[in-house]
Amino acid sequence: METRQTQEPAGQGFPDADSLAALRGWYAGLSSRAAVARYLGGRRAAGVSSRGLIGDIRRQLIAFAHSRHRPDLAAVFEHTPTQRHARAGTVERTIRTLGSLPVPQPQVTDDVALWFAPRTVRALHAHGIRTLTDLTVRIPRRRQWWTRIKGLGATGAHAIEAFFAAHPALTERARALITLTQPAGIVPWEQLRLPHEVDGSQGTLRAPRETCTLNATNDYEAVQAWLALHETVTTQRAYRKEAERLILWAIVERGRAFSSLTTDDAIAYRTFVRRPSRRERWVGPPRPRDSVEWRPFTGGLSARSTAYALTVLSALYRWLIEQRYVLANPFAGVKVRGAALRPELDTTRGFTEGEWLLLRAFADGLEWSYGWSGPAAQRLRFLLDFGYATGLRASELVGAVLRDIRADGHGESWLHLIGKGSKPGRVALPPLATDALDQYLLERRLPVSRERWSPATPILASLGENEGAGITGAHLWRVMRRFFVEAAGVLEGDHPLLAEKLCRASPHWMRHYLPCRTMSGDMDESSYWPNGCAPQNRSTAPVTRHSFVTLQAVQEGEQLVWRAEASRLAA
């Protein structure tokens with residue numbers, strides 16, 4: 001199996017007495033040839049040097065130390081030949097310690113890094129899987145289960161399956177732990193099974209069954225019918241989140257069905273989402289939906305987010321009234337104080353220009369220092385630069401093709417797209433965006449000249465054999481999460497606050513960076529927008545560039561920022 005142990009050479013057991021005697025003699029000052037001749041005699045195979053044989057014994061001890069999860073002991077033997085005399089005493093103690101170590105047994109709380117190859121570990125960590133308990137819930141429940149984990153291929157997956165097959169008791173212990181740690185009833189929508197007494201089949205606000213236009217017999221089926229109306233995946237996912245939160249809260253906190261909630265319940269829910277009580281039950285860091293650490297909230301909602309949630313839920317109830325499933329809308333008339341005020345920029349969900357420069361510098365070394373393939377690193381850098389310059393949503397990025405880029409009468413480039421709410425629009429492409437696109441096309445060996453473009457070529461490409469295809473929004477999310485997680489691990493020592501941000505970051509944060517930098521002191525916000533008037537919704541400001549005058553302001557603002565950043569770096 002592909003574990004840390006099996007990554008080492010075949011002879012990774014503990015060396016025999018003669019081999020250890022030869023190694024001790026070498027550390028004591030004998031030459032490699034003298035040590036091998038004295039203690040190993042005729043064991044040296046033809047063509048193998050004495051120095052190579054001593055090196056094999058050291059590597060065998062290093063492998064043995066790693067198999068016992070003792071990298072500190074392995075490090076004792078990792079040195080240049082000139083350092084051997086200084087380590088002679090330490091080596092003797094280390095050999096005795098290694099000889100007494102038992103074979104380690106996996107524990108459910110172990111980090112996966114203790115048991116699997118580095119490439120497998122990177123893929124698992126990027127997907128939020130850190131312990132064997134996390135991994136247990138992903139394993140062998142269906143064929144090709146690993147395809148949902150970016151970077152984990154069939155070989156690594158089979159190694160994981162073999163590992164769990166060799167330790168059957170581990171699965172039982174992990175599942176027992178899951179049972180203890182999973183809050184009762186707090187599961188994602190797709191796993192939700194409503195108890196009969198609160199499933200809405202007998203909801204107090206249910207309309208007469210004979211007049212209902214839905215085939216739904218309970219609240220889950222009714223809400224599912226409403227979600228199915230929306231064909232856009234992002235819209236359906238956003239609405240599902242709000243319905244999911246309310247139904248879970250209604251069952252767990254109020255003991256009521258969704259179709260039995262009153263206006264008093266709606267007011268209580270408004271208070272709850274602002275400041276969730278029993279946080280350990282409801283609040284947690286972002287995790288995959290099938291993780292045991294998944295929670296409905298990552299924190300309390302702002303006034304604007306609360307107003308949005310209540311608006312979605314009110315729309316849901318209105319539709320159910322129209323279908324004659326329920327009689328009343330408990331959220332009708334429920335207001336949120338402060339939601340109508342112009343919001344301040346939320347810098348906790350975006351990056352400052354200093355943080356962005358650190359991330360961009362980290363991205364420059366992905367293939368050289370962090371094991372990314374060249375095409376993957378090039379695509380990631382394009383994502384950062386193009387996303388930074390345009391503020392596009394993930395769905396807009398993955399859906400864009402070269403035919404969508406057109407020049408206007410002034411020769412300026414625009415990306416035409418279908419935006420939020422299926423509304424057509426266009427986004428300005430300032431020099432940073434066009435330069436990044438030209439570089440990315442060259443790296444993909446595609447023509448830069450527009451006259452030679454293939455119109456259907458996706459702006460953001462898949463890797464490998466299917467380079468002509470685009471990627472999905474989920475794939476983009478995984479790519480960016482992998483980058484953020486790896487950057488957090490590297491930057492944690494010197495920049496702990498940025499590392500903490502990166503652990504929470506998502507691709508959407510790139511849309512927050514441009515307005516964030518206009519507010520950070522390098523340039524005044526009023527100089528960024530024509531006539532000094534910033535758009536009311538600053539979070540979407542970078543994607544509302546609809547005039548030539550505005551495009552000029554964008555480009556001038558971009559140049560100001562880059563000059564300020566260059567001056568700071570030169571100082």
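The values are calculated or read from the model by the stated rules, or taken from the named source; none is laboratory data. What you are looking at is a predicted structure, and each value in this text was computed from that prediction instead of being measured. When we count neighbours, we look across all protein chains shown, and the Cβ atoms used for this are built from the backbone with ideal geometry, even at glycine.
Each row is one residue, and each column tells you yes or no for (1) modelled with pLDDT of 85 or more; (2) part of a loop (DSSP other than H, G, I, E, B); (3) surrounded by fewer than 14 Cβ atoms within 10 Å (Cβ to Cβ).
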site: 288; (1), (2), (3): no, yes, no
site: 313; (1), (2), (3): yes, no, no
site: 330; (1), (2), (3): yes, yes, no
site: 339; (1), (2), (3): no, yes, no
site: 376; (1), (2), (3): yes, no, no
site: 380; (1), (2), (3): yes, no, no
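Before we move on, is residue 171 assigned to a helix (DSSP H, G or I), modelled with pLDDT under 80 and either in contact with a Cys (Cβ under 7 Å, 6 or more places away or on another chain) or of a type in the set (S, T, N, Q) (or both)? Before the answer, list the steps.
Working: assigned to a helix (DSSP H, G or I): yes; modelled with pLDDT under 80: yes; either in contact with a Cys (Cβ under 7 Å, 6 or more places away or on another chain) or of a type in the set (S, T, N, Q) (or both): yes.
Yes: the conditions hold for residue 171.
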Notebook entry, point to check: For residues in the range 76-89 being in a loop (DSSP other than H, G, I, E, B) and not basic (Lys, Arg), which is farthest from residue 15 (Cα to Cα)?
Noted result: 80
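Within the range 180-189, does at least one residue satisfy the condition of being modelled with pLDDT under 80, under 21 Å from residue 284 (Cβ atoms), of a type in the set (A, V, I, L, M) and part of a helix (DSSP H, G or I)? Before you say what the answer is, go through the steps one by one.
First, the residues of the range 180-189 that are modelled with pLDDT under 80: 180-185.
With the extra rule that they be under 21 Å from residue 284 (Cβ atoms), the set shrinks to 180-185.
With the extra rule that they be of a type in the set (A, V, I, L, M), the set shrinks to 180, 184.
Filter once more, keeping what is part of a helix (DSSP H, G or I): 180.
Yes; the residues of the range 180-189 include at least one that is modelled with pLDDT under 80, under 21 Å from residue 284 (Cβ atoms), of a type in the set (A, V, I, L, M) and part of a helix (DSSP H, G or I).
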Check: Tally time: how many residues in the range 311-332 are within 36 Å of the chain's Cα centre (by Cα) and farther than 19 Å from residue 209 by Cα?
Finding: 6
Item checked: Pairs with Cβ under 9 Å, 6+ apart, first in the range 397-423 and in the same structural domain as residue 233 (by TED's automatic domain parsing), second surrounded by 12 or more Cβ atoms within 10 Å (Cβ to Cβ) and at pLDDT below 80 -> none
Note to self: Between a residue in the range 486-502 that is not assigned by TED's automatic domain parsing to the domain that holds residue 118 and surrounded by fewer than 19 Cβ atoms within 10 Å (Cβ to Cβ) and any residue that is assigned to a helix (DSSP H, G or I) and among the small types (Gly, Ala, Ser), which pairs come within a Cβ distance under 7 Å, given they are 6 or more apart or on different chains?
What the structure shows: 492/499; 499/488
Next item on the list: For the range 445-461, state whether one or more residues are farther than 17 Å from residue 380 by Cα, without any contact (Cβ under 8 Å) to a residue 12 or more places away in the chain, assigned to a strand (DSSP E or B) and assigned by TED's automatic domain parsing to the domain that holds residue 376.
Entry: no
Note to self: Here's a check for you: in the range 208-252, which residue that is charged (D, E, K, R) and closer than 15 Å to residue 187 by Cβ is surrounded by the fewest Cβ atoms within 10 Å (Cβ to Cβ)?
What the structure shows: 241
Check: Mind checking whether some residue in the range 57-75 is assigned to a helix (DSSP H, G or I), modelled with pLDDT of 85 or more and among the charged types (D, E, K, R)?
Finding: yes
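In the range 353-374, which residues are of a type in the set (S, T, N, Q) and either touching a residue at least 24 places away in the same chain (Cβ under 8 Å) or not in a helix (DSSP H, G or I) (or both)? Don't jump to the end; show me each part of the working.
Step one: list which residues in the range 353-374 are of a type in the set (S, T, N, Q), which gives 369, 373.
Result: 373, single match.
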Note to self: For the range 57-89, give me each residue that is over 17 Å from residue 118 (Cβ atoms) and of a type in the set (Asp, Glu).
What the structure shows: 72
Notebook entry, point to check: Can you tell me which residues in the range 90-109 are assigned to a loop (DSSP other than H, G, I, E, B) and surrounded by 13 or more Cβ atoms within 10 Å (Cβ to Cβ)?
Noted result: 101, 104, 106, 107, 108
